[in-house]
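So the structure is just underneath, and the comments pick up after that.
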Amino acid sequence: MTEPAPSPSAGSLARRNVPDTPLEVSVLGWSVDPAGRAGPVAERSRVELLRRAYHDGVNLFATIESPQPEIAERLLALAFPAPAPDLVVVVPYPGLRASAGELERAVERLRTRFGTATRLVVEADVARLTEDQRPSTLETLESLRQAQRIAAWAVRFPAGTRAPDRTPGARPALESVAASLLSPGPLSTAAGPESGAGSAYLVRDPFAEGRLDGTRFAPDLAHRPPAGGPWNLRTLHREFEPVLRLGFLTRERHRTLAQAAIRYLLDRPGVVSVLLPEPRADRWEEYREGPRVPELSHEELRRLSGDAIEPRSSSAPVR
């Protein structure tokens, strides 16, 4: 018998509409990445954690940050073997030079794997497309949306970049951007879609590669072999000195730095959802409360905009 998806709990996360689509997505999404954890025991625990997240209100999952998206897809299919009508899965465009036919076949494979009830969003890394490739790629995505084979499509941009000119008539539902307290990128001057000229954002890397939630070096420091040698102190200082200057955000102990990072992003104009790196079970409770902690005050926001918080080594209110 097919196992039903767990029902979302009564106190679940808020959801926001993706403009010009029927999609309602949780303000926190999960980036599913199987890297580094293998074996049946690890797989079962991750499947249980995915189901727990859904029960807590997460309906947005993504495989776009995984170097092995096919394995991430398999984990999601194991976690949700029965149709979950509100499930939204963001998947990467299958190869930058994939033809329209190849994309259509990939979409049909995903619809078979997840069930037609699951809404698919395809993310295209258009910054890596040539000027000649871009129009046909976006037009193919738009044609699949109009044919209701996918629910929406998104365009992806690296940190610190803005969207390139779009093909007329082929506007993405979402812009997928890397942004954080340390590097807000386009969110620092963003206008929300309610303004009529703004964008709707799916935010990646909210913890700045683990610097804002303490996971940047934690595994390495705990398991670093003697032959690996000590960390270079200059490297550690360069990585964490900008983070230490954010201590005022946690001074009253109303929120952790990770929670402040989540709340800050959710309060930026146009942000629809913050895509969390898949957390350990013992951190999920902390992250889940991020949308509910006190918003950043005017004074805190002033200090953020006034301080040079960008790392020197460049590597709408919650409802």
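The values are calculated or read from the model by the stated rules, or taken from the named source; none is laboratory data. Note that the structure is predicted; figures quoted are calculated from it, not measured. Don't worry about glycine lacking a Cβ; one is built from the backbone with ideal geometry, like all the others, and counts go over all protein chains shown. With ligands, DNA and RNA removed, areas are computed over all heavy atoms of the protein, side chains included. Shrake-Rupley method; radii C 1.70, N 1.55, O 1.52, S 1.80 Å.
Within the stretch 63-98, can you find the residues that are assigned to a loop (DSSP other than H, G, I, E, B) and over 18 Å from the mean Cα position of the chain (by Cα)?
80, 81, 82, 83, 84, 85, 94, 95, 96, 97, 98
Can you go through 84, 100, 106 and tell me which one is surrounded by 16 or more Cβ atoms within 10 Å (Cβ to Cβ), over 16 Å from residue 155 (Cα atoms) and modelled with pLDDT under 85?
Working: 100 fails: surrounded by 16 or more Cβ atoms within 10 Å (Cβ to Cβ); 106 fails: modelled with pLDDT under 85.
Exactly one of 84, 100, 106 is surrounded by 16 or more Cβ atoms within 10 Å (Cβ to Cβ), over 16 Å from residue 155 (Cα atoms) and modelled with pLDDT under 85, namely 84.
Of the conditions (1) crowded, with 21+ Cβ neighbours inside 10 Å; (2) of a type in the set (Ser, Thr, Tyr); (3) assigned to a loop (DSSP other than H, G, I, E, B), residue 54 satisfies every one except a single condition; which number is it?
(3)
Does residue 117 satisfy the criteria of being surrounded by 14 or more Cβ atoms within 10 Å (Cβ to Cβ), touching a Lys or Arg at 6+ places or on another chain (Cβ under 9 Å) and modelled with pLDDT of 85 or more?
no
Residues are listed down the side, and each one gets a yes or a no for (1) farther than 15 Å from residue 84 by Cβ; (2) in contact with a Leu (Cβ under 6 Å, 6 or more places away or on another chain); (3) surrounded by 16 or more Cβ atoms within 10 Å (Cβ to Cβ); (4) at pLDDT 95 or above:
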residue: 12; (1), (2), (3), (4): no, no, yes, no
residue: 22; (1), (2), (3), (4): yes, no, no, no
residue: 26; (1), (2), (3), (4): no, yes, yes, yes
residue: 33; (1), (2), (3), (4): yes, no, yes, no
residue: 36; (1), (2), (3), (4): yes, no, no, no
residue: 40; (1), (2), (3), (4): yes, no, no, no
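Go through (1) farther than 12 Å from residue 278 by Cβ; (2) open to solvent by less than 60 Å² (accessible area, probe 1.4 Å); (3) of a type outside the set (Ser, Thr, Tyr) and name the single condition residue 70 misses.
Of (1) farther than 12 Å from residue 278 by Cβ; (2) open to solvent by less than 60 Å² (accessible area, probe 1.4 Å); (3) of a type outside the set (Ser, Thr, Tyr), only one is false for residue 70: (2).
Could you check, for the stretch 26-43, whether at least one of its residues is under 30 Å from residue 129 (Cα atoms), part of a loop (DSSP other than H, G, I, E, B), touching a helix residue (DSSP H, G or I) at 6+ places or on another chain (Cβ under 9 Å) and of a type in the set (Phe, Trp, Tyr)?
Checking the stretch 26-43: not a single residue is under 30 Å from residue 129 (Cα atoms), part of a loop (DSSP other than H, G, I, E, B), touching a helix residue (DSSP H, G or I) at 6+ places or on another chain (Cβ under 9 Å) and of a type in the set (Phe, Trp, Tyr).
Name the pairs whose Cβ atoms lie under 6 Å apart, with the first residue in the stretch 264-286 and surrounded by fewer than 16 Cβ atoms within 10 Å (Cβ to Cβ), the second not polar (S, T, N, Q), and 6 or more positions between them or separate chains?
Qualifying pairs under 6 Å: 281/49.
Just to be sure I understand, how many residues within the stretch 248-273 are in a strand (DSSP E or B) and either of a type in the set (S, T, N, Q) or touching a Gly at 6+ places or on another chain (Cβ under 7 Å) (or both)?
Counting residues in the stretch 248-273 that are in a strand (DSSP E or B) and either of a type in the set (S, T, N, Q) or touching a Gly at 6+ places or on another chain (Cβ under 7 Å) (or both) gives 1.
I'd like the full set of residues that are under 15 Å from the mean Cα position of the chain (by Cα) and at pLDDT below 95, limited to the stretch 269-283.
270, 277, 278, 279
Among the numbered criteria (1) at pLDDT 90 or above; (2) open to solvent by 10 Å² or more (accessible area, probe 1.4 Å); (3) over 22 Å from residue 284 (Cβ atoms), which single criterion is violated by residue 91?
(2)
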